[in-house]
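Single-structure report; data block below.
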Protein chains: 2
Amino acid sequence: MACELCEDDGGIVIWRNDDCRVVHVDKPGYPGFCRAIWNKHVREMTDLTMDERARFMRVVFTVEAALRELLHPDKVNLASLGNATPHLHWHVIPRFVDDLHFPNPIWGARTRQSAPATHAGADIAAALATRLSRL
Amino acid sequence: MACELCEDDGGIVIWRNDDCRVVHVDKPGYPGFCRAIWNKHVREMTDLTMDERARFMRVVFTVEAALRELLHPDKVNLASLGNATPHLHWHVIPRFVDDLHFPNPIWGARTRQSAPATHAGADIAAALATRLSRL
């Protein structure tokens with residue numbers, strides 16, 4: 001079966017290396033939402049070697065740290081799900097107490113109709129790329 | 001404010017060390033659902049040192065590997081959310097194509113009314129504890 005993350009980048013690429021890429025997710029109400037996507041088609045973290053797992057998590061945590069510094073979210077949500085798209089990827093989602101679903105996961109019920117636009121950083125992608133390039 | 005994961009184990013403890021504990025989550029329809037909970041009250045993965053992050057992820061991935069071996073899930077979902085309980089913990093959730101929410105995250109809409117009971121391992125907790133004790 002065709003895999004959308006094999007055929008396509010899966011978003012606007014902020015940074016990439018030989019292992020993986022980080023893309024910006026354009027989801028209204030969720031500034032800074034990123035995905036880190038393993039380049040090869042692998043299903044689970046435990047399908048990677050120990051070294052690959054460590055390298056991938058280092059990317060995920062670098063994105064988390066950068067988003068915290070840039071956006072000061074109330075919480076960061078990290079998730080590797082992939083039920084619909086079983087190609088290994090991590091969601092890195094800055095969460096705010098007044099966002100559309102808080103305190104629910106973004107896959108749960110909405111708790112409000114609109115989210116303030118004030119959390120959007122001016123150029124999150126560029127700032128993230130700078131931090132990732134130091135890896 | 002009182003934190004339920006500071007005051008309580010947060011489930012039936014399968015295994016623990018100085019860093020963290022692994023508990024079994026009793027959620028009907030989700031055999032093998034575990035949480036790995038950091039012992040100290042910390043909000044985010046990037047509040048841990050690099051070494052602590054690596055040790056914690058090693059526990060999470062050991063749980064994932066054990067659950068795959070025991071239950072042969074169609075997918076494993078990993079998530080660190082903590083919006084309601086901002087005390088660092090990971091959900092490790094074996095997913096099956098015929099479970100209650102598949103392909104949605106377990107926090108999303110239900111896709112069926114009942115899940116087959118056939119995935120339940122006889123003594124998942126004991127088997128997990130054995131594998132974790134080798135860490």
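The values are calculated or read from the model by the stated rules, or taken from the named source; none is laboratory data. Predicted, not measured: the structure shown is a model, and the values here were computed from it. Positions of Cβ are generated from backbone atoms using ideal geometry, with glycine treated the same way; all protein chains shown enter the neighbour counts. For the accessible areas, the whole protein counts, side chains as well, though only heavy atoms, and no ligand, DNA or RNA atoms are used. Shrake-Rupley method; radii C 1.70, N 1.55, O 1.52, S 1.80 Å.
I'd like the full set of residues that are touching a residue at least 40 places away in the same chain (Cβ under 8 Å) and more than 10 Å from every other protein chain (Cβ to nearest Cβ), limited to segment B:58-85.
Listed by number, the residues that qualify are B:Val59, B:Leu70, B:Leu71.
Looking at segment A:64-76, can you tell me whether even one residue there is within 21 Å of A:Arg21 (Cβ to Cβ), in a loop (DSSP other than H, G, I, E, B) and modelled with pLDDT of 95 or more?
The answer is no; no qualifying residue exists.
Picking from A:Arg55, A:Arg43, which residue would you name as being at the interface with another protein chain (Cβ under 10 Å from one of its Cβ atoms), touching a strand residue (DSSP E or B) at 6+ places or on another chain (Cβ under 9 Å) and open to solvent by 70 Å² or more (accessible area, probe 1.4 Å)?
On the way: A:Arg55 fails: at the interface with another protein chain (Cβ under 10 Å from one of its Cβ atoms).
So the residue among A:Arg55, A:Arg43 that is at the interface with another protein chain (Cβ under 10 Å from one of its Cβ atoms), touching a strand residue (DSSP E or B) at 6+ places or on another chain (Cβ under 9 Å) and open to solvent by 70 Å² or more (accessible area, probe 1.4 Å) is A:Arg43.
Please state which of the following conditions A:Trp38 fails to meet, knowing it meets all the rest: (1) surrounded by fewer than 15 Cβ atoms within 10 Å (Cβ to Cβ); (2) of a type in the set (A, V, I, L, M, F, W, C); (3) under 27 Å from B:Pro73 (Cβ atoms); (4) away from every other protein chain (no Cβ under 13 Å).
The single condition A:Trp38 does not satisfy is (1).
Say we look at segment B:13-35 and pick out the residues that are within 17 Å of B:Ala127 (Cα to Cα) and open to solvent by 70 Å² or more (accessible area, probe 1.4 Å); which of these is nearest to the other protein chains (Cβ to nearest Cβ)?
The qualifying residue nearest to the other protein chains (Cβ to nearest Cβ) is B:Asp26.
Provide a single number: the residues in segment B:91-119 that are in contact with a Leu (Cβ under 6 Å, 6 or more places away or on another chain) and at the interface with chain A (Cβ under 9 Å from one of its Cβ atoms).
1
Could you list all residues from segment B:80-120 that are over 16 Å from the mean Cα position of the chain (by Cα), surrounded by fewer than 16 Cβ atoms within 10 Å (Cβ to Cβ) and part of a loop (DSSP other than H, G, I, E, B)?
B:Ala84, B:Val97, B:Asp98, B:Ala109, B:Arg110, B:Thr111, B:Arg112, B:Gln113, B:Ser114, B:Pro116
Could you give me the residue pairs with C-beta distances under 8 Å whose first residue belongs to segment A:13-25 and is among the basic types (Lys, Arg), whose second residue is open to solvent by 30 Å² or more (accessible area, probe 1.4 Å) wherever it lies, and which are 6+ apart or on separate chains?
These pairs meet every condition: A:Arg16/A:Asn39; A:Arg21/A:Asp9; A:Arg21/A:Val13; A:Arg21/A:Trp15; A:Arg21/A:Asn39.
Is one or more of the residues making up segment A:121-129 more than 8 Å from chain B (Cβ to nearest Cβ), of a type in the set (A, V, I, L, M) and closer than 19 Å to B:Met45 by Cα? Spell out the reasoning first.
Pass one, segment A:121-129, residues more than 8 Å from chain B (Cβ to nearest Cβ): A:121-129.
Remaining after also requiring of a type in the set (A, V, I, L, M): A:122, A:124-129.
Next, from what is left, pick out any that are closer than 19 Å to B:Met45 by Cα: A:128.
There is at least one residue in segment A:121-129 that is more than 8 Å from chain B (Cβ to nearest Cβ), of a type in the set (A, V, I, L, M) and closer than 19 Å to B:Met45 by Cα.
Please work out which residue is surrounded by the fewest Cβ atoms within 10 Å (Cβ to Cβ), limiting yourself to segment B:1-12 and to residues that are free of Cβ contacts under 8 Å to residues at least 40 places away in the same chain and farther than 19 Å from B:Phe56 by Cβ.
Of segment B:1-12, the ones free of Cβ contacts under 8 Å to residues at least 40 places away in the same chain are B:1-2, B:7-9, B:11.
Imposing the further condition that a residue be farther than 19 Å from B:Phe56 by Cβ reduces the set to B:1-2, B:7-8.
On the way: B:Met1: 3, B:Ala2: 5, B:Glu7: 8, B:Asp8: 9.
Here the answer is B:Met1.
Can you say whether A:Glu64 is of a type in the set (Asp, Glu) and closer than 22 Å to B:Thr49 by Cα, as far as the supplied structure shows?
Values: of a type in the set (Asp, Glu): yes; closer than 22 Å to B:Thr49 by Cα: yes.
So A:Glu64 passes the test.
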